[in-house]
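Participant: Mind looking over this structure? Questions follow.
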Amino acid sequence: MAQYTSYNAKDTTVIADGVFATGFAEDKIEFEPNEDGFEYEFGADGDVIVSESNDTSATVTITLQATSPSNKHFMNLLRQKRFFPLWAVSKRGELTEKAGGNKCRILKAPTGTLGTTAEPREYEIVVFDFENKYE
C-alpha cells in the first residue's frame, strides 16, 4: 500500500551559534558538499585505483528576507571572524534530517540590492566538519 507524507518548511529550523534564525526568503537553506567522496582512475590494463577524499567540508547557503532580524546576527558572526556551530533540523513525519557542523565560518557578506523591491540576502557559510544524517 502506498504511503503518504507531507513536508512543511515551518518544520525546519536553522540554529547558528545557539540562535534560531528567522525571516527566511523562499529558499530557506541549501547545502552542498565541496568535494566528491572519492576519485578514481583506470590504468591502461583496466586496473582501478580509488583515492578516498578526506574533505568533509560543505557550503551552506542561507537565504534571508531583507527585513529579517537574523541578518544582524549573521553579520555579527561574519565580523567576529570565528568558528561557530550551525545546524538545520527538518522534521518530516517519523523522519528527522539534521545537517550542519560545529566548525563553520561565513565566507563573505551577502550581495545587497536596494531598489523598488526588497531583495533577499544570501549568506555563504563553509562548514568544515559537515554531517548530513537521518534519524
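Participant: Pairs of alpha-carbon atoms within less than 8 angstrom and 6+ residues apart define the contacts here; what relative contact order does the range 54-135 have, in percent?
Facilitator: Details: 159 pairs, mean separation 34.2, N = 82.
Reported relative contact order: 42 percent.
Participant: With all protein chains present and a 1.4 Å probe, how do LYS103, LYS28, LYS72 order by accessible area, largest first?
Facilitator: Ranking LYS103, LYS28, LYS72 by accessible area, largest first, yields LYS72, LYS103, LYS28.
Participant: Here is a further query. Take the alpha-carbon centre of the range 39-111, take the same for the range 16-30, and report the distance between them in whole Å.
Facilitator: Using only Cα atoms, the two centres lie 13 Å from each other.
Participant: About its Cα centre, what dipole magnitude does the chain give when the only charges are +1 on Lys and Arg Cβ and -1 on Asp and Glu Cβ, stated in debye to the nearest 20?
Facilitator: 1240 debye
Participant: Okay, moving on. Please name which of GLY37, THR67, GLY18 has its Cα lying farthest along the dipole of the chain towards the positive end, using unit charges on Cβ (Lys, Arg +1; Asp, Glu -1) and the Cα centre as origin.
Facilitator: Result: THR67.
Participant: Report the local net charge at PHE31: Lys and Arg +1, Asp and Glu -1, summed over other residues whose C-beta lies under 12 Å from its C-beta.
Facilitator: Surrounding charge for PHE31 is -4.
Participant: Given C-alpha coordinates of the chain, what is the ratio Rg to Rh with the Kirkwood estimate of Rh?
Facilitator: 1.09
Participant: What figure in square angstrom, to the nearest 10, would you give for the accessible area of ARG105 with a 1.4 Å probe?
Facilitator: 80 Å²
Participant: In addition: Restricting to lysine pairs 8 or more places apart or on different chains, what number in the chain have Cα atoms under 25 Å apart?
Facilitator: Taking the chain as the scope, the lysine pair count is 24.
Participant: Which residue fluctuates the most in the chain, going by a Gaussian network model with Cα springs under 10 Å, if the choices are VAL48, VAL60, VAL19?
Facilitator: Of VAL48, VAL60, VAL19, the Gaussian network model singles out VAL48 as fluctuating most.
Participant: Counting only residues 5 or more places away or on other chains, whose amide H sits under 5 Å from the amide H of THR22 once H atoms are built in the peptide plane?
Facilitator: When sequence neighbours closer than 5 places are left aside, the close amide H contacts are SER70.
Participant: Tell me the per residue accessible area of the chain using a 1.4 Å probe; a whole number in Å² is fine.
Facilitator: With all protein chains present, the chain gives 69 Å² per residue.
Participant: So what J values fall out for the range 33-42 if you push phi through Karplus, 6.51 cos²θ - 1.76 cosθ + 1.60 with θ = phi - 60°, rounded to Hz, Gly and Pro as x?
Facilitator: x, 7, 8, 5, x, 7, 10, 9, 9, 9
Participant: Another one. Ignoring any ligand, DNA or RNA, what whole percent of the accessible area of the chain comes from carbon and sulfur when the probe is 1.4 angstrom?
Facilitator: 49 percent
Participant: Now for a different question. How high is the FRET efficiency from THR113 to ALA9, r the C-beta distance, R0 22 Å, rounded to 0.05?
Facilitator: Computed FRET efficiency for THR113 and ALA9 comes out at 0.40.
Participant: Further, regarding this structure: Rounded to the nearest 10 degrees, what's the angle between the helix 70-80 long axis and the longest principal axis of the chain, both from Cα atoms, 0 to 90?
Facilitator: Tilt relative to the chain: about 60 degrees.
Participant: Net charge around PRO120, counting only other residues with Cβ within less than 15 Å of its Cβ (Lys, Arg = +1; Asp, Glu = -1)?
Facilitator: -4
Participant: All other residues with a Cβ under 10 Å from the Cβ of LYS133 taken together, and with Lys, Arg as +1 and Asp, Glu as -1, what is their net charge?
Facilitator: -2
The values are calculated or read from the model by the stated rules, or taken from the named source; none is laboratory data. Note that this is a predicted model, so its numbers are computed, not measured. Virtual Cβ from ideal backbone geometry, glycine too; neighbours counted across all protein chains shown. Accessible surface is based on the protein model in full, side chains and every heavy atom, while ligands, DNA and RNA are left aside. Shrake-Rupley method; radii C 1.70, N 1.55, O 1.52, S 1.80 Å.
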